[in-house]
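See structure below.
The values are calculated or read from the model by the stated rules, or taken from the named source; none is laboratory data. Please read these numbers as outputs of a predicted model, since none were measured by experiment. Reconstructed Cβ throughout: ideal geometry from the backbone, glycine too, with neighbour counts over all protein chains shown.
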There are 2 protein chains.
Amino acid sequence: MNKDIENEFLEKAEVFKALSHPTRLFIIDAIKDKRMSVKELSEIVEIDISTMSKHLNILKNNKIIQGEKVKNFVYYRLAIPCVLEFMTCAVKTINKK
Amino acid sequence: MNKDIENEFLEKAEVFKALSHPTRLFIIDAIKDKRMSVKELSEIVEIDISTMSKHLNILKNNKIIQGEKVKNFVYYRLAIPCVLEFMTCAVKTINKK
DNA sequence: TTACAAGTTGGCAAAATTACCAAATACTTT
DNA sequence: AAAGTATTTGGTAATTTTGCCAACTTGTAA
């Protein structure tokens, strides 16, 4: 693959990849209004807390969310509100199917 | 994983997954103004034409692009212009890093 | 009809992703 | 200090994605 093209689009692709999992899209929807802890999120989605922690880490590494430690909880919130607009476009796409 | 949550977010995640590869983001950028054939795209990106065909198929299955056969060429163009706005948000995210 | 070019599909191996468990860390509370 | 709760990290197996080659299909042109 051409290196210039790869350099230009790889970082952007990483952001989309971070959003390409149902659990991570749920997270974004869930914390858009109020911050939530890892345990709260894992219990709602019904997955292992370690799995949830890793999903949150993927979003955090891409600066899509950010965490804040309070006591021994970590509360996460949206760092990039524009991701919500992504959703609107995704839904338009789905409605075409 | 909770089934209601999975049902609500799986389809949307598929759209993001379709966009989560540098070659596929390049395609979207390349055909945003003018339609292009599989061979043209594969030569620019420098990958096998069969690989390019598969990438195009992933985008087509998600209704992000659409193809039109002319002679023995297939020209692809954008079907959902709003994906370009996704890019703008992705870049904002990248600039934070 | 024969040869050629564009595109698609199937198969396979390498790489990446995902989810669980177990163990480690961080912080509280008794 | 000891026990308990929340979170993170390492390891591993199952699944998915990716890219090439080879073979096949479709349509063109000699």
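Determine if region B:73-82 includes at least one residue that is crowded, with 16+ Cβ neighbours inside 10 Å and without any contact (Cβ under 8 Å) to a residue 12 or more places away in the chain. No, that holds for no residue. For A:Ser42, state whether it is surrounded by fewer than 18 Cβ atoms within 10 Å (Cβ to Cβ), among the small types (Gly, Ala, Ser) and within 12 Å of DNA strand D (Cβ to nearest atom). Answer is no for this residue. Taking the listed residues A:Glu43, A:Glu68, the one that is without any contact (Cβ under 8 Å) to a residue 12 or more places away in the chain and either over 22 Å from B:Lys12 (Cα atoms) or not basic (Lys, Arg) (or both) is A:Glu43, with no other qualifying.
Among A:Met52, A:Met87, A:Met36, which is the only one that is at negative phi, more than 9 Å from DNA strand D (Cβ to nearest atom) and touching a helix residue (DSSP H, G or I) at 6+ places or on another chain (Cβ under 8 Å)? Walk me through how you get there before you give the answer.
Numbers: A:Met52 fails: more than 9 Å from DNA strand D (Cβ to nearest atom); A:Met36 fails: more than 9 Å from DNA strand D (Cβ to nearest atom).
Answer to the check: A:Met87.
In this structure, does B:Ile31 turn out to be away from DNA strand D (no atom under 11 Å from the Cβ) and buried (at least 19 other Cβ atoms within 10 Å of the Cβ)? I'd like the intermediate steps shown before the answer.
Working: away from DNA strand D (no atom under 11 Å from the Cβ): yes; buried (at least 19 other Cβ atoms within 10 Å of the Cβ): yes.
Against the criterion (away from DNA strand D (no atom under 11 Å from the Cβ) and buried (at least 19 other Cβ atoms within 10 Å of the Cβ)), B:Ile31 qualifies.
When you check A:Phe16 against the structure, is it buried (at least 20 other Cβ atoms within 10 Å of the Cβ), facing chain B (nearest Cβ under 10 Å) and over 18 Å from B:Asn2 (Cα atoms), yes or no? For A:Phe16, the condition - buried (at least 20 other Cβ atoms within 10 Å of the Cβ), facing chain B (nearest Cβ under 10 Å) and over 18 Å from B:Asn2 (Cα atoms) - is met.
In this structure, does B:Ile28 turn out to be away from DNA strand C (no atom under 15 Å from the Cβ) and at pLDDT 95 or above? Before you say what the answer is, go through the steps one by one.
Numbers: away from DNA strand C (no atom under 15 Å from the Cβ): yes; at pLDDT 95 or above: yes.
For B:Ile28, the condition - away from DNA strand C (no atom under 15 Å from the Cβ) and at pLDDT 95 or above - is met.
Of all residue pairs spaced 6 or more apart or on separate chains, those with beta-carbon atoms under 6 Å, a first member in region A:1-12 that is at negative phi and a second member that is at pLDDT below 95 are A:Glu11/B:Ile94; A:Lys12/B:Ala90. Test A:Lys60 against the stated conditions and say whether it is more than 10 Å from DNA strand C (Cβ to nearest atom), more than 7 Å from chain B (Cβ to nearest Cβ), in a loop (DSSP other than H, G, I, E, B) and among the charged types (D, E, K, R). Answer is no for this residue. Can A:Met52 be described as assigned to a helix (DSSP H, G or I), modelled with pLDDT of 95 or more and under 22 Å from B:Asn2 (Cα atoms)? So A:Met52 passes the test.
Of all residues in region A:69-83 being away from chain B (no Cβ under 14 Å) and of a type in the set (Val, Ile, Thr), which is farthest from A:His55 (Cα to Cα)?
Within region A:69-83, the subset away from chain B (no Cβ under 14 Å) is A:69-77.
Subsequent filtering for residues that are of a type in the set (Val, Ile, Thr) retains A:70, A:74.
On the way: A:Val70: 20, A:Val74: 14 Å.
Here the answer is A:Val70.
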